[in-house]
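In what follows, a single structure is set out as structure tokens and then discussed.
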Amino acid sequence: MSAIFEELKQAVIDGDEDITAELSQKVLDEGINPVDAVQQGLIKGIEIVGEAWKAGEVFLPDVMMSAEAMKAGLALLEPEIAKLGISEGEAKGKIVLGTVAGDIHDIGKNITGAMFTAAGYKVFDLGTDIKPEAFIAKAQEVGADIIGASALLTTTMVGQKQIIEYLKENGLRDKFKVFVGGGPTSQAWADEIGADGWAETADDAVQLAGRVLAK
Amino acid sequence: MLPKYNILTEEQVQMIHDESIKILSEVGMEFEYEPAVEVFKKEGLKVEGRRVYFTKDFIEAKVKLAPSQFTLHARNPEHNLVCGGDNIIYMPGYGAPFIHEADGTRRKTTLQDYENFAKLAGASKNLHMTGGTMAEPQDIADEIRHLKMLYTSIKSSDKCFMGSAEGRERAEDSIEIASILFGGKDVIKEKPVLISLINSLTPLKYDERMLGALMAYAEAGQAVVIASLVMAGSTGPAAMAGTLALQNAEVLAGISLAESINPGTPVVYGSTSALSDMHSGSLSIGSPECALFISASAQLARFYGVPSRSGGGLNDSKIVDAQAGYESMMTLMAASVTGINFVLHTAGILQYFMAMSYEKFIMDDEMAGMLLHYLKGYHFDEDGLAYDVIAKVGPGGHFLTQKHTRKNHRREFRIAELSDRNAYDTWAKEKLDTNQRARRKWQEILANYVPPAVDAALDQKLQEFIAKRTQELM
Ligand code: B12
């Protein structure tokens with residue numbers, strides 16, 4: 001049985017979506033414990049890639065493809081885990097991510113999403129040009145811990161503020177942590193609008209999430 | 001003038017062209033603006049939703065309509081600029097949201113910064129025009145920033161300046177302001193005065209705002225730079241030739257739109273393609289890859305017979321240091337020697353377009369001056385060859401007391417304005433590095449600069465229009 005976990009781990013390291021999906025299907029077909037497949041296979045693989053990226057041994061495309069592979073595996077295994085009514089184990093948290101209204105810059109957001117996935121978070125990426133209400137609707141739907149909003153233009157940063165205002169207006173401010181980021185943003189801006197976190201890089205954002213959610 | 005340096009063979013240029021046509025005809029491009037899609041439909045192109053499929057004949061015929069060069073008119077005709085041919089136009093950086101101070105601290109840009117850069121460009125011998133969003137005025141409400149920026153450009157200098165590319169409405173405001181200043185829309189339609197920066201949304205799209213502005217300017221006969229910024233590795237393939245073909249496809253599609261709307265619209269082939277750093281994902285512009293894109297873009301534009309825009313003092317450094325210098329010189333020199341005509345971002349940029357720096361502006365201005373001198377090349381006339389004086393001095397003498405030397409050195413040599421050529425002890429009195437010398441210099445220039453006055457009646461009209469629009473927009 002541990003052989004298939006090893007293969008899953010390797011498939012994620014290789015960033016191979018197809019093989020990861022194939023192996024995950026095999027886990028289901030053979031009645032292997034899906035939680036173990038996630039914990040000992042998928043997550044082990046992504047952790048190794050994440051560490052190697054930090055050490056400068058692998059590059060962004062490696063991490064991002066591994067994150068994609070992991071998602072493909074989770075898409076198959078999670079429904080089964082839910083059906084069995086067992087706990088998925090210690091998923092670190094859920095984050096709803098998007099680029100704010102009027103803004104179409106998405107590379108930084110995509111990287112941030114991949115880094116969160118690689119760190120074991122569940123990421124719901126809404127895409128670009130997203131209105132405050134759409135962020136919050138999704139966050140409520142999935143029971144998110146964090147709402148992450150990316151803005152690359154000085155003229156669209158206000159969209160991050162609007163998310164916080166919208167939460168306040170609807171009595172939801174304490175339900176979610178709000179993280180903001182993107183080129184023109186800063187810690188000063190995050191403080192000004194009352195965000196729970198700001199990070200300059202995707203990597204810092206993941207570290208910050210760990211600290212904020214641990215509180 | 002030095003001959004322009006080509007980095008691609010003729011076959012390679014043709015290959016890029018063919019690849020771009022293949023991308024445009026088989027993959028197509030999306031235009032998120034119905035009026036633009038309509039234009040292509042009328043031209044008989046295949047359209048599916050917002051996806052337009054181009055043909056080789058269409059692209060080639062439309063690109064032929066673009067002028068190979070055009071004159072951009074300034075308030076002071078001495079500053080009129082010919083864009084195209086052998087000419088090079090240097091101007092400040094564009095769009096940055098931050099100022100990096102000489103000590104490395106960072107702050108938000110304001111309208112005062114915009115005005116300062118307009119004045120520094122106005123005062124410069126090496127910068128030919130002032131530019132566009134030289135610093136985003138974040139202390140001004142977004143709705144009216146474009147009005148304030150245009151007015152500030154006009155009041156700070158009599159050189160050419162840029163219009164707003166933020167959608168049709170702001171483009172129309174820019175055109176209105178320019179026509180007040182220059183005596184009417186029909187006047188500026190004949191003699192373009194504005195040039196604006198239209199960007200594709202890589203890969204293979206144009207958004208509504210950019211298309212709206214492009215159409216407004218094309219209709220009004222104003223010049224547009226049609227540019228693509230591909231980040232190889234993220235918004236484009238991790239392939240230099242493939243990225244070039246992708247960029248080229250996007251620019252060709254944009255040019256074909258401008259020429260369909262108004263045949264003969266002055267366009268500039270633009271590129272700021274570079275790469276995504278494969279560890280962090282950040283854009284890297286102070287790179288040899290960026291210099292390759294700059295160089296190939298100059299050559300592609302020549303192939304199509306249109307002026308080109310690329311390059312600048314591009315770098316990824318956060319402060320005026322050696323990295324800022326060596327990277328910027330590589331990209332500015334690449335642009336200059338390969339024949340880029342319109343060099344946006346010549347002066348002031350730090351950290352991959354995120355910041356402007358006053359000190360960097362002055363350093364880049366010096367580099368621009370050095371390159372302008374370099375581009376002039378040698379004088380092959382009698383004084384330039386100087387046979388008579390060589391014969392006169394003969395073996396073993398020196399030239400310092402010759403009339404020829406006194407008369408010619410100013411033409412033959414450039415006087416350094418920022419570089420320190422002193423002996424050690426002179427330098428050691430204050431031990432100022434480039435950053436500190438530049439700081440002194442820009443403060444001095446700003447303190448002494450007197451902007452050329454705008455005719456009072458015109459000024460009145462401009463202010464009235466801006467007041468009226470401000471009321472409507474706020
Ligand atoms: C590539 C690019 C584009 C591409 C976007 C392609 C795409 N698919 O994303 C195109 C060409 C389409 C484009 C268009 C425009 N752009 Co643009 N663009 C850039 C550029 C050069 C790079 C952006 C990028 O991807 N960086 C790389 C990524 C990895 O960095 P990042 O996004 O900052 O993300 C990192 C962190 O910020 C953080 N992060 C990001 N998101 C989040 C979210 C959270 C929650 C957290 C915690 C962290 C986090 O993690 C990331 C990884 O470490 C920037 C300048 C720059 N160097 O940033 C200009 C820039 C942002 N653009 C600018 C402008 C003006 C525009 C345009 C208006 C057109 C124009 N005139 O150029 C349009 C606007 C379109 C729109 N409506 O949004 C300006 C903004 C200036 C301002 N004053 O606000 C900039 C600064 C360039 C400039 N100097 O002019 N652009």
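Couple of notes before you dig in:
- Annotation note: of B:Lys403, B:Lys376, the sole residue that is loosely packed, with under 11 Cβ neighbours inside 10 Å and out of contact with any Gly (no Cβ under 8 Å at 6 or more places or on another chain) is B:Lys403.
- Qualifying positions in segment A:153-178 - over 24 Å from B:Glu136 (Cβ atoms) and either near the ligand (Cβ under 8 Å from one of its atoms) or crowded, with 18+ Cβ neighbours inside 10 Å (or both): A:Leu167, A:Phe176, A:Lys177, A:Val178
- Members of segment B:1-42 that are polar (S, T, N, Q) and either farther than 16 Å from B:Thr243 by Cβ or assigned by TED's automatic domain parsing to the domain that holds B:Met210 (or both): B:Asn6, B:Thr9, B:Gln14, B:Ser25
- Filter pass, B:Ser25 being farther than 22 Å from B:Asn199 by Cβ and surrounded by 14 or more Cβ atoms within 10 Å (Cβ to Cβ): yes
- Screening the candidates B:Lys42, B:Lys4 for the property of being of a type in the set (D, E, K, R) and at pLDDT 95 or above yields one hit, B:Lys42.
- Considering each residue of segment B:225-234 in turn, at least one proves to be free of Cβ contacts under 8 Å to residues at least 60 places away in the same chain and more than 14 Å from chain A (Cβ to nearest Cβ).
- Yes/no for B:Leu350 being on the phi < 0 side of the Ramachandran plot, buried (at least 17 other Cβ atoms within 10 Å of the Cβ) and within 14 Å of chain A (Cβ to nearest Cβ): yes
- Residues in segment B:188-201 that are of a type in the set (A, V, I, L, M, F, W, C) and either within 15 Å of the ligand (Cβ to nearest atom) or in a strand (DSSP E or B) (or both) were compared, and the one that is nearest to the other protein chains (Cβ to nearest Cβ) is B:Leu201.
- Subset of segment B:350-368 [hydrophobic (A, V, I, L, M, F, W, C) and within 14 Å of the ligand (Cβ to nearest atom)]: B:Leu350, B:Phe353, B:Met354, B:Ala355, B:Met356
- Failed item, numbered, when A:Val58 is tested on (1) without any contact (Cβ under 8 Å) to a residue 24 or more places away in the chain; (2) among the β-branched types (Val, Ile, Thr); (3) within 13 Å of the ligand (Cβ to nearest atom): (3)
- Residues in segment B:95-132 that are more than 12 Å from chain A (Cβ to nearest Cβ) and aliphatic (A, V, I, L, M): B:Ile99, B:Ala102, B:Leu111, B:Ala118, B:Leu120, B:Ala121, B:Ala123, B:Leu127, B:Met129.
- All told, B:Ala253 falls short of being within 24 Å of B:Gly369 (Cα to Cα), away from chain A (no Cβ under 14 Å) and touching a residue at least 40 places away in the same chain (Cβ under 8 Å).
- For segment A:198-211, the set of residues classified as in contact (Cβ under 8 Å) with a residue 40 or more places away in the chain and more than 14 Å from chain B (Cβ to nearest Cβ) consists of A:Ala209, A:Gly210, listed by residue number.
- Some residue of segment B:239-246 being free of Cβ contacts under 8 Å to residues at least 40 places away in the same chain and in contact with a strand residue (DSSP E or B) (Cβ under 9 Å, 6 or more places away or on another chain): yes
- Evaluated against (1) modelled with pLDDT under 95; (2) over 13 Å from the mean Cα position of the chain (by Cα); (3) farther than 23 Å from A:Ile164 by Cα; (4) among the hydrophobic types (A, V, I, L, M, F, W, C), A:Ala69 falls short on exactly one condition, (1).
- Restricting segment A:179-193 to residues that are within 13 Å of chain B (Cβ to nearest Cβ) and small (Gly, Ala, Ser) leaves a set whose member that is farthest from the ligand (Cβ to nearest atom) is A:Ala188.
- Residue match in segment B:250-262 (condition: away from the ligand (no atom under 12 Å from the Cβ), over 23 Å from B:Gly233 (Cβ atoms), charged (D, E, K, R) and assigned by TED's automatic domain parsing to the domain that holds B:Arg209): yes
- Scanning segment B:221-246 for residues that are in a loop (DSSP other than H, G, I, E, B), buried (at least 24 other Cβ atoms within 10 Å of the Cβ) and small (Gly, Ala, Ser) gives a single hit, B:Ser234.
- One residue from B:Pro77, B:Pro92 being away from every other protein chain (no Cβ under 14 Å), at pLDDT 95 or above, within 16 Å of the ligand (Cβ to nearest atom) and over 21 Å from B:Ala258 (Cβ atoms): B:Pro92
- Single residue of segment B:139-187 satisfying the filter (in a loop (DSSP other than H, G, I, E, B) and over 22 Å from the mean Cα position of the chain (by Cα)) that is nearest to B:Lys125 (Cα to Cα): B:Gly183
- Here A:Glu200 clears all of (1) within 12 Å of the ligand (Cβ to nearest atom); (2) at pLDDT 95 or above; (3) within 16 Å of the chain's Cα centre (by Cα); (4) acidic (Asp, Glu) except the condition numbered (3).
- Residue in segment B:53-63 that is more than 18 Å from B:Phe303 (Cβ to Cβ) and out of contact with any Phe, Trp or Tyr (no Cβ under 6 Å at 6 or more places or on another chain) present: yes
- Verdict on B:Asn408 being of a type outside the set (A, V, I, L, M, F, W, C), more than 15 Å from the chain's Cα centre (by Cα), farther than 26 Å from B:Arg439 by Cβ and surrounded by 14 or more Cβ atoms within 10 Å (Cβ to Cβ): yes
- The residue that is nearest to the ligand (Cβ to nearest atom), among those in segment A:99-152 that are among the polar types (S, T, N, Q) and within 11 Å of chain B (Cβ to nearest Cβ), is A:Thr112.
- Some residue of segment A:169-185 being at pLDDT below 95, touching an Asp or Glu at 6+ places or on another chain (Cβ under 8 Å) and not polar (S, T, N, Q): no
- Residue within segment A:122-132 that is closer than 21 Å to A:Ala67 by Cβ, aromatic (Phe, Trp, Tyr) and surrounded by 22 or more Cβ atoms within 10 Å (Cβ to Cβ) present: no
- Of all residues in segment A:161-171, none are in contact (Cβ under 8 Å) with a residue 60 or more places away in the chain and closer than 28 Å to A:Ile46 by Cβ.
- Exclusive hit being surrounded by fewer than 23 Cβ atoms within 10 Å (Cβ to Cβ) and under 28 Å from B:Glu250 (Cβ atoms), set B:Lys148, B:Lys205: B:Lys205
- Among the numbered conditions (1) of a type in the set (A, V, I, L, M); (2) within 13 Å of the ligand (Cβ to nearest atom); (3) away from chain A (no Cβ under 14 Å), the only one that B:Ala135 does not meet is (3).
The values are calculated or read from the model by the stated rules, or taken from the named source; none is laboratory data. Since we're looking at a predicted model, the values are computed, not measured. Neighbour counts run over all protein chains shown; Cβ positions are idealised from the backbone, glycine included.
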